[in-house]
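As C-alpha cells, the structure follows; a few thoughts come after it.
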Amino acid sequence: MEHSSDERNPADIMPAGMLPTADSRWMQTSGRSVDRAPVRGSGTVSAESIIQRANVCRIALSDGDQPYIVPVSFGYEHDTLYFHSAPSGRKLDILRKNNAVCVEFDVDCEIVRAETPCKWSVKYRSVIGFGHAYLVEDVAEKKKALDLIMAHYGGQPSDYPEATLRKTAIVRIEIERMSAKTAGY
C-alpha cells in the first residue's frame, strides 16, 4: 500500500525497538472506517457475530522472514480488538519491529465425514482481519480493555489493582480490513 507523506504507517517511522503507543502522533483514530468484504460462502452471518461468538483470536505476526501466530483471549468493540500480555516476550518483541498484524476468528467448526476421503469437508464460519497493533499506556484505556475482555467471556468489570495494571501489557489492534466466510452452512 502506498502512503502519502501525511499517511505514514507507524511501523515505517517508529524508532527501532519501539512499539507505537495509543497516543502515537501518526495513528489515525477518528473517522477511520473498516473496509469490509461481503460474506463469502453459504448462509448469512456477519463478521461481528462471528467475532462476538469466538472464544479465541489468533494473531499472525511477521518476525522478519519468519511467521509467528499466537492464540489470545480478547475483547472487541467497534472494529478494535484488545488483548493482554506479559510486559515482555516474543509477541511484543515482534510488534516492536513490525506492528502490522492479521487476526483470525472461527466458530461452528465441524468435520463433515463422507464415504471417500476426498469427499470429506469442514463446516465453519470465520473472519480474517488486517490492521496494526499499538501498545496501550493510558490507564483508563487499559481498564476499558480489561473490562471488554472480561465481558467477552461473561465476566464483570472490576477494579484492577494499580500493580496489576503496571505489570500488564495491553495491546490494541485497529482492524482496517476484514472479511467473513461461511462454509458448509
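The values are calculated or read from the model by the stated rules, or taken from the named source; none is laboratory data. All values reported here derive from a predicted model rather than from experimental measurement. Virtual Cβ from ideal backbone geometry, glycine too; neighbours counted across all protein chains shown.
Worth pointing out:
- Scanning segment 118-132 for residues being in contact (Cβ under 8 Å) with a residue 24 or more places away in the chain and more than 20 Å from His78 (Cβ to Cβ) gives a total of 6.
- Test: residue in segment 89-101 that is within 14 Å of Gly129 (Cα to Cα), modelled with pLDDT of 50 or more and surrounded by fewer than 12 Cβ atoms within 10 Å (Cβ to Cβ): no
- Restricting segment 56-68 to residues that are surrounded by 12 or more Cβ atoms within 10 Å (Cβ to Cβ) and free of Cβ contacts under 8 Å to residues at least 40 places away in the same chain leaves a set whose member that is nearest to Phe105 (Cα to Cα) is Tyr68.
- Sole residue being under 22 Å from the mean Cα position of the chain (by Cα) and over 19 Å from Val70 (Cα atoms), chosen from Ala169, Ala114, Ala140, Ala163: Ala140
- Leading residue by the ranking (surrounded by the most Cβ atoms within 10 Å (Cβ to Cβ)) among those in segment 133-156 that are in contact (Cβ under 8 Å) with a residue 40 or more places away in the chain and in contact with a helix residue (DSSP H, G or I) (Cβ under 7 Å, 6 or more places away or on another chain): Ala133
- The residue list Val107, Val101, Val70 contains one member that is among the aliphatic types (A, V, I, L, M), part of a strand (DSSP E or B) and under 12 Å from Ile173 (Cα atoms), which is Val101.
- Which listed residue, of Ala133, Ala140, is farther than 22 Å from Ile51 by Cβ and of a type in the set (A, V, I, L, M, F, W, C): Ala140
- Residue within segment 157-180 that is touching a residue at least 24 places away in the same chain (Cβ under 8 Å), of a type outside the set (Lys, Arg), part of a loop (DSSP other than H, G, I, E, B) and surrounded by fewer than 20 Cβ atoms within 10 Å (Cβ to Cβ) present: yes
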